[in-house]
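A short worksheet on the structure shown next.
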Amino acid sequence: MDEFTYQCFAPDIDFIKVHPNNLEEKFQNKLPDGMFVESAWNGNDGSWQYKIAKYDQNQGNDLSNLMSWSNKNCIPTIFWNKEDPPHYERFIENAKKFDFIFTSDANSINRYKKDVGHKRIYPLPFAAQPKIHNPIVEEQRKLNVCFSGTYYGDIFPERKKDMEILLKPSLEYGLHIYDRQFGVIGANKNNYQFPEIYQPSIKGRLEYLEMVKHYKKYKVFLNVNSIKSSPTMFSRRVFELLASGTVVISTYSKGIEELLGNDLVLLSDSEADTKKYLEKLIYDDFYWSELSVKGIRKVFEFHTYNHRLNFILEKCNLDLIPLRQPKFTLLVNVNDYSDIDKLKLILSSQNYRNFNVILLVDNEFQLSNQIKIWKIFQKIQNTNIKILRNTDEIRNNIDGDYLAIINPKDMYGPNYLRDYALSVLYNKGSKIVGKTTHFHQTFTELKLENQGTEYMFGSKALISTLAIEKTLIGNINLSNLLNFEWFDSSNKNISILSLDRFNYLKISSSEQLNTELLKKVFI
């Protein structure tokens, strides 16, 4: 496979690179579970160049030998053509040799079935890899809008028109362009030169991993689709950008519409549309932040390479690799029945259900009330509770992977735990997550406090939003967690990943917030 595909799948599975001349050597001690080949142009450090796609020159027998060895050892062979539909013909002859075929274009499935003579053909779109594509930033985004790609001019008239729809109205919003052909020399270089109007916006050319870092410098990225009618095939960059928390404006793609929805990726078919979207995204921070968080949620919930890998394994009757779904032990300090009623609403509303509850009951609560409390929570589906009377008992009663603090006097949206669970997939380097930027209700006013910390590592977060990895609990004073507002880890050399602003509301007033304001908080 090509290096980029390897990097995207490798964190989730043990991929062993095979070269044409080292097959027997690689598997002397243990046979692989499957043999995966993609529509690679170079493949495994160039060792498979000219051996998978169709060329005028002789390809040799290396791929046929690989298939024969796999069949002899009863190893299922898997081919992924990520170049469908435009390069179908370049790979079809070799695709016929495989047991299972996956294609980036669902519209090509019937064509495969006709050409290969079996029905083991499945769609496999691109995705995002959390270890590479994630919303964690070192500084907040300061730039507005970006496009990265090649200008083909009159070679592809429809693409040229689509680029104008996106690029021209973006100029007044500080458009930056990263030109894949920047610095390229040759007789045809003028065919790929951006028009004069865009030249001041060109910032050079970036290699892939550097480009990934730049995803998170911009609020908005522009995307042009060469293939519009496929229900599954569109630029892999769209998944990567959404996973990075970047909002995407794109020309039409059936695949984007069906897999992601036009409420997450803004589809434009005119310069007026593009201008309208940019105006709102750049000057309405609430709107931009909402789309950003929803895009992150969508990709990490349905469109990572772990999801794609499990789809492959399932179709090939191989063992699945479960996506991590952490369990939370919720620690809640309750003082009266008002706290119980509020907590019941919080827990029953959660869309993520893998949690249990420790209730730390105030000593003034009568012991007989514990039975009533227990019965209340048993009515909430799958809610397992323990009732404790002092903090010394907490450590020995944490069943989850994380201890999460819940303050029943505040409000938590239905997706609160859902987003915390998804953060485990991309959080690297921190055993504590929480919120520093947050909404705060004072009387009937809604304030956004401590702006500029979302998806950044720091040393401070609201205690009522903390989720602490169980392995770290021994280093934490649990009594302090129940008696203070802020947690400061600076003297413990522990970093905290501060998540987004949504789905938590700190309450400092008994006044009821109106429904429209709450919609800004709970998304």
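Looking for something on the phi > 0 side of the Ramachandran plot, within 22 Å of the chain's Cα centre (by Cα) and at pLDDT 95 or above - is there at least one such residue anywhere in region 444-462?
The answer is yes; a qualifying residue exists.
Restricting to region 483-523, name every residue that is in a loop (DSSP other than H, G, I, E, B) and within 29 Å of the chain's Cα centre (by Cα).
The initial filter retains those residues of region 483-523 that are in a loop (DSSP other than H, G, I, E, B), namely 483-485, 489, 493-495, 499-503, 508-514, 522-523.
Of everything in region 483-523, those that are in a loop (DSSP other than H, G, I, E, B) and within 29 Å of the chain's Cα centre (by Cα) turn out to be S489, N493, I494, S495, L499, D500, R501, F502, N503, F522, I523.
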* Restricting attention to region 28-37, does a residue exist that is modelled with pLDDT of 95 or more, surrounded by fewer than 19 Cβ atoms within 10 Å (Cβ to Cβ), among the small types (G, A, S) and closer than 29 Å to P11 by Cβ? -> yes
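Quick check, is E196 of a type in the set (D, E) and in contact (Cβ under 8 Å) with a residue 60 or more places away in the chain?
Judged against the criteria, E196 is not a match.
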* **Single match in P125, P130 (criterion: outside any helix (DSSP H, G or I), surrounded by 17 or more Cβ atoms within 10 Å (Cβ to Cβ), in contact with a strand residue (DSSP E or B) (Cβ under 9 Å, 6 or more places away or on another chain) and in contact (Cβ under 8 Å) with a residue 60 or more places away in the chain)** => P130
* To do: Would you point out which residue out of L313, L320 is in contact with a Leu (Cβ under 7 Å, 6 or more places away or on another chain), outside the structural domain of K216 (by TED's automatic domain parsing), at negative phi and part of a loop (DSSP other than H, G, I, E, B)?
  => L320
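Residues checked against (1) over 22 Å from L259 (Cα atoms); (2) surrounded by fewer than 19 Cβ atoms within 10 Å (Cβ to Cβ); (3) out of contact with any Gly (no Cβ under 7 Å at 6 or more places or on another chain):
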position	(1), (2), (3)
F91	yes, no, yes
K97	yes, yes, yes
T103	no, no, yes
I109	no, yes, yes
R141	yes, yes, yes
V145	yes, no, no
* In the list S510, S498, which residue meets the criterion of being surrounded by fewer than 11 Cβ atoms within 10 Å (Cβ to Cβ) and either assigned by TED's automatic domain parsing to the domain that holds F443 or out of contact with any strand residue (DSSP E or B) (no Cβ under 6 Å at 6 or more places or on another chain) (or both)? -> S510
* To do: Considering every residue within region 153-174, establish whether at least one is small (G, A, S), modelled with pLDDT of 95 or more and within 22 Å of the chain's Cα centre (by Cα).
  => no
* Structure fact -> Result of the Cβ filter at 9 Å on region 213-225, keeping first residues that are of a type in the set (D, E, K, R) and partners that are in a helix (DSSP H, G or I), at least 6 apart or interchain, is K219/L281; K219/I282; K219/W288; K219/S292
* Of the criteria (1) closer than 18 Å to P414 by Cβ; (2) assigned to a loop (DSSP other than H, G, I, E, B), which one K294 fails -> (2)
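Determine, yes or no, whether L446 is in contact (Cβ under 8 Å) with a residue 24 or more places away in the chain and assigned to a strand (DSSP E or B).
Yes.
The values are calculated or read from the model by the stated rules, or taken from the named source; none is laboratory data. Small disclaimer: the values here were computed from a predicted structure and weren't measured. Positions of Cβ are backbone-derived with ideal geometry, glycine not excepted, and every protein chain shown enters the neighbour counts.
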